[in-house]
Each structure stands twice: as structure tokens, then as C-alpha cells.
Amino acid sequence: MSLLHSRLAAALKWNRKWKISHLCATGASCRTLTSTASEPGPLDPIEIHKRKLFLWFSHLPQEEKQFGGYFTPETMHVDPLILERNPEERSGFQSSSLQPQTMSNPPVTINQLFESARSLSEGRGINVVLYGAVGTGKATVVRKLVLDWCNGATLTQFKLLVPFSCEDLSQLSKVASLRDLVSRKYLHLKRHPLLSGDGTQAENVLFLFNGMEKMMLDFRIGSTELCDDPGVALPADAVVVNLLRKYLLPEASVLVTTRLSAVDIIPQKYVNRYAQICGFNDPQRQRAYFTSRLLLQGRDGAQNQAAQALVELLYLNLQKQNQLAAACFLPSYCWLTCATLHYLHFTNAKSPLRTLTGIYTSFLRMNFGGEVLASGTGVPIQDCHNSLMLYVVRTVGKLAFDGVTNKQTSFSENELEQWIGGKTKTDEELRQLVTFRTDVVDFFLAPCVESGRHYHGDLCEGDERRFVFAVPAMQEYLAALYVVLGENKSALEKITKQVSVAIGQASEDVNTLVSILSKFIPLRIFTIFNLLKLFPKLFEKINSQNKGNIARTMAAEMFRKEDSYNEDVLDQMEQSLLGFHGPQPQHYTKSHPFELYPIFMGGLLHYGNRVLLQQLDCSIHSSTVVQITKALRKYLVRELNKPQPPEEVMDLLVLLYEFQNPRLTSEVVASLRAIRLPNIRMTSLKCFVLSSVLSCTPGSYHLQVLDLSSCLLTRDMLMTLLPAFRHAQTINLQFNSLGPESCNLLRDLLLDNRSSIETLLLCDNPLLDSGVSCLLEAFPENQTLKHLSLMHTGMGDQSALELAERIQQHSSLQEVNVAYNNIGDNAALSLVDVCREHHNIHTVHLYLNPISDIGKQSLYVRGSQSSSSRKVRVLASVTEGDDVSDDWHPILSVIRENASSWDRERVQQQLKVFLRDLEWGRQQQQNLWKRLHFRRVERGVQETLRMLERDIPSGSP
């Protein structure tokens, strides 16, 4: 037995040490535990309580993982503005949280609210009500408060902090005493002397009840009995009422958090202090929040520099006191802003999969998850099944849908009353409406701050107050959700569904009734009963038609003609957050384009978003998704048969990416033979979207053209685009400033057996000799390339000679463009000599190179003197000897097209050389028609020269 006791003691000792080391590893202060562990005896229950609370409240929601998980609740927290309110200011509780707060009282902290507890009520604890609108940061403040208490940073006058979730308490069906409630959640505090009720020990205890609006508290003596014994079992709401009455543990203090609509539930005589969370009242708090979210630890220097630039642009935009600044008074919208910017700028192939629709869905789940719309009339919260989010969709979503339909972004008070107030309602519905208006409406809608006139509420006479969505994209999201949930059904569809469900539930009874009455009822009346049996099929037909209408609406909104000149949706999202910088687009329109609306509809059909919406009691059934998807494929393929602007093509790729349906994506992309995105400002996100969409197609699928010219591509973006390049036969990467380091990726791409590139256009990229040399290393093994353009890439004689050597190892090459480089006579002659002996090369571009007149004449002669009957076209000048070159028109076309981005002085010198050659050739001609032809070409060159001198944008010759 002694051996057994010694082993048990050793095991307990080891277990205690393991627990201590494990708790210390969490990053919390382990000072007290260490000293306790070195001494014999059990651990202090308060210290165990602090460690467990710290672990519990340090847990971040799933939505926070999209920031990379580099921060903790301590580093990301920014204190919102908290103002103490006098009891007589209760009439101002329902003021809009998006308007600047009048600071009649100085800001306070939670700790300051409790500092004078003893002076306010001798021998009694203090009751503090902390309230705020949805999104002002109540949950974040509570989390930070608990963590700070665990670390000894605040509320040190309380030895014990006991937090409760009122939502959890409202679900309890059995009676329990206060001590049972505590021990059920915190077992280590069971029978703790601070909760015994003996003496004044409870003065060291602070109870925290979070979300008090979820409990139906009743302070009437006849409804809630008095009890001063913490060991007597009572309903959970009765325990809370007695604590607030100071009848139960009167020395204990209580902190209650609640929404605006529930402040009056607690009688004023039981509240010592009121405090309102007002969010971020100035750009400095907002900037601190954005800095803590975007400047993350663990990033490299380049990424942090980009993040710092984002913060600066965002701060400058907020200082303009525009609509975004008004929205960011709510910390929730600051989170949405950071999440969107993080998605737009830091998405790459290594990032977890995120979509814009997923960000907005997660945003609503964080703010409305599990929330129900209670009327505050004594109905237990557990018996209330009115989803607050569904109520939002049917009211605010209806308003958003009506605005999108009518191209309207601002709404009058009468319009708000029509869609959110509605017609005459029952008393219960009116009470719910009052609660909804008080707590939720200001979260979505804010007074319009256009020109700063409505921001301070100083309306001029005759002005009408207008309201807008706090974030414009939220209007399109809610409108899309309203449609996809089927809330825009016609009256016939709603009646048909009700009848269908009723008949489906009583089908056996109907059949029995029909079989009995068919013997007695006349035929014309009996037909009515047969029609009733057909209602389910009729409903299915109408329902299927409705899903087809949704798909048709999505396709029509995607390719709306009046929106064709707008920038793509991702750029629009960025400009709405960072402001507009630089010159306005040529076809810029002031009217707001609703191009996110169809993209959100597609994203809402994704399974991951439907799971999140299910948690908000907003169900989108799989059958609905199947019907919409089937119809959508048909409409998208039909629209893609028409030529689309690059911005529309980019929006289509975003839609397919948001949908996250590989089968639909593959079927739609299969109808594309070319993806042309010239002049689209590509980002890492857009590159990732393009690669993700093309990765859904089978390996046998090939694009004829992938045009990414003038897209500001970088090497990192090329890395992301490699999977997309494998599907393309022609890749256009002109005007992207790609340096020599990018050629490693292009070389590997040409060596990849999965790629089948036939044309590679790298014009106007500073590849230099080193980059071209690296690219040419792929020639011995690659035999698919037919057309290679290295025009204006900084090539010299060294690269030209190496190209001449490598060409002999590449049998499939047909055309080589090395125009506008630094290639001299000898290198050019060597290149042409090799090309004229090649079996397939038919064209070599050498114009705008420093080649002498003798060298040009030699190029022409050698190009025409081939060992076979095949002639190699050598494009070196607009003349060939004493005749006009057959290729003068293509040469001038290329110069005019690219002159705006080339060295104008050098191009002008080359054009003057062309004029000199033309004048000499014309003088050598005796044929009148040929002389006229020389004159025509001279006029073309002179016109191009004048265009450069006037600095006029290029046009066609």
C-alpha cells in the first residue's frame, strides 16, 4: 500500500507541474503560479480561474484567421470611445451611432467607472450598464476587459471576475442557485468563500453579464421573488434580478452589457452608472485599428511597406470626412474595411481560400449570429424564432433590392418608412419594429454626408434628409441575398407554395375524400378536386421558372452595356476604400454601377457561404442552387459569344471565382477561345483569380489567346499565373516592365511538358541581354514555340548572336521579332544568315535598330538569296534598296501604336532616316507610279513624325 501511495503522489505532482508549464506556455503571466508550484499545497482557485479565463477569451473567431493569425487580442485591440451618460440623458440613447457624438462628458474607461464604487454606495456594490448599438464593439471591449483582469492590468480592486453569457443563461430550463450557476461554468470556484454570502467578502467580486437583452428580466416583486441566499435554487433570470436589486450578495458589483433597445429593462434605481460605447469617434482611432490589422508581424519588408502605403492612403481618404469615415465610426465596419483590403492586396497562391462574398457573409455572422428579434414583452428568448438576419433581409434587403433595380443609392425617410416600417402591423410586430429600428437600422443605413451638409444634421430649409448604406457594397450584398433567398416571389408564387405544402401534407386525406365524393359530385365540380391534386406540380414549374429568372438577371446584370466602361469590380472596391487617385478614366461615369450585385448572387450559392447563412436562419436549398446553376450556364455562354470589354471579362472571372463551382466554371470557360485583359491593372488577387478559374478546366483545354499586355505584371504575379499560362497557346505580356529575373519563370514555362505555347510576345519589357540569354536556354528542348517577339527588350549584339546560335536548335520557330533594340550590322547579318538557312522561319523584324545603310542593303540581299525557293522577309526599313518595302505599312503601324511609350527622340531620328531613304529611292526611280508610291509612303512617315512632335496619342496609319 505504501508503494501505491508513493506512486500516486508522484503522479499527482507530475500532473500539477505539467499543468503549470502548459498554462505558462500560453503567454500569460505565470508569476503567481510559479511561486505556488514551488510550495506544497493545492493551487489557488482564483489563479486557476484567471488562467482558464485567459485561454477561453484569447480564442479568436474563425473570421479572424484570414489575417494570417499573426496577432493576438491584445495587439489588435483599439479602445473605442466610451462616454458616461447621466440618467436624464436616456432620451438620447437612440441617437445614430454613425453620427459624431457630442462629447458632453469626458471619455472614460471601464476601470474608471468602478473606481469610486465605495464612495457612491457605502457597503454596497456598484451596478454599471454598458450599452451600445450593433457593431460598436461591445463584445471586443468585454474580451479585452477580461484579458486585462487576468493579467492584472485593470479592475485590480476585484479579486474575482465572473463573466456570464446571457444567451447561455436564457437557455437554462432548470432552476439553480447562484453558486450552482458559477460552479457549473467554473468548477474550480465551487464553494469558494467569496461567493458564500458571509460577511463582506463579496465586495471583491464583479459579475459580468454580457448581452442582457437576451434575457427577459422582470423586476416586479410579484413576478420575481426576493432571495438573499446564494445557495437557494431560482430561475436564472431571478438570480440576475436579485443581484441587480442588491438583495443577493449586495456587496458584489455587476457590469451589464446590452443593446440600446434593452437599456430601460433595468429600472433606473438599480443602476449606478450608465456608459455608452460610441465606437471610433476620430480618424486617429481608426488609423490605430487599421495599423494593428494590416501591419502584421511575420511579413517581409516589401509586404509591410505595401501595407504601410495602404494605411496612409486609407487615412487620407478618411480625413476627407466622406461616407467611409462615417461608416468607420463603427469598429465592425473598420473590421470589414481591413478584411476587404487584406483580401484585395495580400491574396496569393499560399493564402487560404477567401472570397469577397465570404468576407461579407462572415461579417454578418459575426454581428448577427444567433441573434433573434425579441419584442421585449415577456416572451422567453428561447421561444423566439424570429431570426434577426432574416428580418434584415426582408426589410433592409427589400430596400436594397429596390435601390439596385431603380439604380438608386440614397433613400428618403418616406422610402425607409415604406420598406422598413411597412403597413399597419399588430402590436407584437410594432414592438419588434421599434426594437429593430433602435438596434439595427443605424448599423446598415447612415445619413448621407454628401458635401458635408447632412453630416452634422444641419439641414437647410427645403432639404430632405437622405440615407445611404454605410458601405455601398452592402446594398448590393443584401439585394443579392434578398433575391437568392426567394424573398422577391410574386403573390401567385407565395400562394401556390402555401397550397402546395398544405396539399402535400394532406395528400392521403384528399385522395380518400375524392374517392368517396366522386360518386355523388357532378363531373364539373369533381374536376376542381383533380386540379387541386396538380398544384404541387404547378408550383414546381413556377418555382423552376423563378430560378431561371434569377440566373437570367445575373447574366444580364453582368454584361449591362451602360456599365461596360466602368473599371472592374475589384478596382471599384479598392477605390471606394482608398479614394480615387490619378486622372479620371476616359469613360468615367458618376452614376454608381451595381456590378457587384450579380457577383454576390453567384457567391451566395457557394456551399461555404450557404453554411454560414444557415447559421443565420437564412437557408438556400441545394435544389435552388442546382436550378440556378443550370440556367446560369446557358445565359453566360450565350453572352460570351459576343465581344466583351476587358473589364467585363475580368468581372466574369471574379463571378466564376466567387461561385466556387468547378463544374460550372469549366463549362463556361470551355466556350472561351480567348481571354483578353489588356490595360487591366492586375494585382496578386486578380492573377490568383485567373489561375484559379483556368485550373478548373481539364488539361486538354487550350486558350488560343491570353492577352495580359499593359497589366503592370511583376515576377511574383508571373509565379501566380504559371498554371494559367499552361492553358494558353498565345501569351501576350507586352508593356509590363518585366526584368531579367522574370525570364527564369518563362524559361521553366517553355520547358514544362504541360504547356503548349506557340506565340510569346515580350515586347517592351527590359529583359536585357542576361534575361534573353536565360530565356534562350529553353530552345533545345522546347519545340512548340513558333512566334517569339523580343522587340524593345534591351537586346544587344551578344543576345542577337546567341539567338542566332540557339535558333539552329529550334526547328519549329517561324517568326522572330527583335526590332527596336541595340543590334548592329554584324549581329544582324549573322541572325539573318541563320534564319535563311532555317526550314521554317519566314520573317525577321529588325527595324529601329542601329543598322547602317550598307547593313540594310546587305540584309535585303541576303534575305532574298536563299538556298531554296522560299524567301525570308527581313523587315529592317520602309525601303529595300531603291524600292519601297512591301512591309512599310506594318512597320509604321507598329511605330504609331507604341510611340507613346518609346523614346521619342530615338524614334524621330529613325523616322528621319526613313525619309532620307525614301527621298533617295524616289530619285532613283523613273517609273511614275513607283514615284507616286514613294510619295505616299513619305506622307505616312511625315504624318507619324508630326504626331510625335505634337505628342498626340497614336492612331492608325
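The values are calculated or read from the model by the stated rules, or taken from the named source; none is laboratory data. Note that this is a predicted model, so its numbers are computed, not measured. Cβ: placed from backbone, ideal geometry, glycine included. Neighbour counts: every protein chain shown. Remember, those area values only see protein heavy atoms, side chains included, never the ligands or the DNA or RNA. Shrake-Rupley method; radii C 1.70, N 1.55, O 1.52, S 1.80 Å.
Among the helices (runs of 4 or more DSSP H) confined to the range 683-778, the ones with at least 3 residues that are open to solvent by less than 50 Å² (accessible area, probe 1.4 Å) and touching a Lys or Arg at 6+ places or on another chain (Cβ under 8 Å) are located at 768-776.
When the range 597-611 is limited to residues that are surrounded by fewer than 24 Cβ atoms within 10 Å (Cβ to Cβ) and in contact (Cβ under 8 Å) with a residue 12 or more places away in the chain, the one that is farthest from Thr665 (Cα to Cα) turns out to be Arg610.
Okay, residues lined up against (1) in a helix (DSSP H, G or I); (2) at negative phi; (3) open to solvent by less than 30 Å² (accessible area, probe 1.4 Å):
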site: Val396; (1), (2), (3): yes, yes, yes
site: Leu399; (1), (2), (3): yes, yes, yes
site: Asp402; (1), (2), (3): yes, yes, no
site: Glu415; (1), (2), (3): yes, yes, no
site: Ile420; (1), (2), (3): yes, yes, yes
site: Lys425; (1), (2), (3): no, yes, no
site: Leu430; (1), (2), (3): yes, yes, no
site: Thr435; (1), (2), (3): yes, yes, yes
site: Val440; (1), (2), (3): yes, yes, yes
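Has the range 815-836 got any residue that is within 45 Å of the chain's Cα centre (by Cα) and surrounded by fewer than 19 Cβ atoms within 10 Å (Cβ to Cβ)? For the range 815-836, residues within 45 Å of the chain's Cα centre (by Cα) and surrounded by fewer than 19 Cβ atoms within 10 Å (Cβ to Cβ): present. The one condition from (1) at pLDDT below 75; (2) open to solvent by 20 Å² or more (accessible area, probe 1.4 Å); (3) assigned to a helix (DSSP H, G or I) that Asn898 does not meet is (2). Considering only residues in the range 276-335 that are among the β-branched types (Val, Ile, Thr) and in a helix (DSSP H, G or I), the one that is surrounded by the most Cβ atoms within 10 Å (Cβ to Cβ) turns out to be Val311.
Which one is nearest to the chain's Cα centre (by Cα), of the residues in the range 239-275 that are crowded, with 22+ Cβ neighbours inside 10 Å and without any contact (Cβ under 8 Å) to a residue 60 or more places away in the chain? Restricting to residues being crowded, with 22+ Cβ neighbours inside 10 Å and without any contact (Cβ under 8 Å) to a residue 60 or more places away in the chain, the top hit is Val241.
Considered as a group, the residues in the range 853-875 that are open to solvent by 50 Å² or more (accessible area, probe 1.4 Å) and modelled with pLDDT of 80 or more include one that is farthest from Leu911 (Cα to Cα), and that residue is Arg873. Filtering the range 52-73 to residues that are open to solvent by 30 Å² or more (accessible area, probe 1.4 Å) and either of a type in the set (Phe, Trp, Tyr) or at pLDDT below 65 (or both) leaves Trp56, Phe57, Gly68, Gly69, Tyr70, Thr72. Pairing each residue of the range 689-716 that is within 18 Å of Val668 (Cβ to Cβ) with any residue that is of a type in the set (Lys, Arg) and surrounded by 15 or more Cβ atoms within 10 Å (Cβ to Cβ), provided the two are 6+ apart or on different chains, yields C-beta distances under 7 Å for Val705/Arg676. Residues in the range 299-333 that are closer than 11 Å to Gln286 by Cβ and in contact with a His (Cβ under 8 Å, 6 or more places away or on another chain): none.
Pairing each residue of the range 826-843 that is farther than 17 Å from Ser789 by Cα and assigned to a loop (DSSP other than H, G, I, E, B) with any residue that is open to solvent by less than 40 Å² (accessible area, probe 1.4 Å) and β-branched (Val, Ile, Thr), provided the two are 6+ apart or on different chains, yields C-beta distances under 9 Å for His838/Ile807; His838/Val872.
With respect to the conditions (1) farther than 27 Å from Leu750 by Cα; (2) of a type outside the set (Lys, Arg); (3) open to solvent by less than 20 Å² (accessible area, probe 1.4 Å); (4) at pLDDT below 90, Pro850 lacks only one, and its number is (3). Looking at Arg184, is it in a helix (DSSP H, G or I), open to solvent by 70 Å² or more (accessible area, probe 1.4 Å) and free of Cβ contacts under 8 Å to residues at least 12 places away in the same chain? For Arg184, the condition - in a helix (DSSP H, G or I), open to solvent by 70 Å² or more (accessible area, probe 1.4 Å) and free of Cβ contacts under 8 Å to residues at least 12 places away in the same chain - is met. In a residue-by-residue description of the range 189-202, the property of being farther than 25 Å from Pro87 by Cβ, open to solvent by 60 Å² or more (accessible area, probe 1.4 Å) and assigned to a helix (DSSP H, G or I) applies to at least one position.
Can you give me the number of residues within the range 122-138 that are β-branched (Val, Ile, Thr) and surrounded by fewer than 24 Cβ atoms within 10 Å (Cβ to Cβ)? The number of residues fulfilling the criteria is 3.
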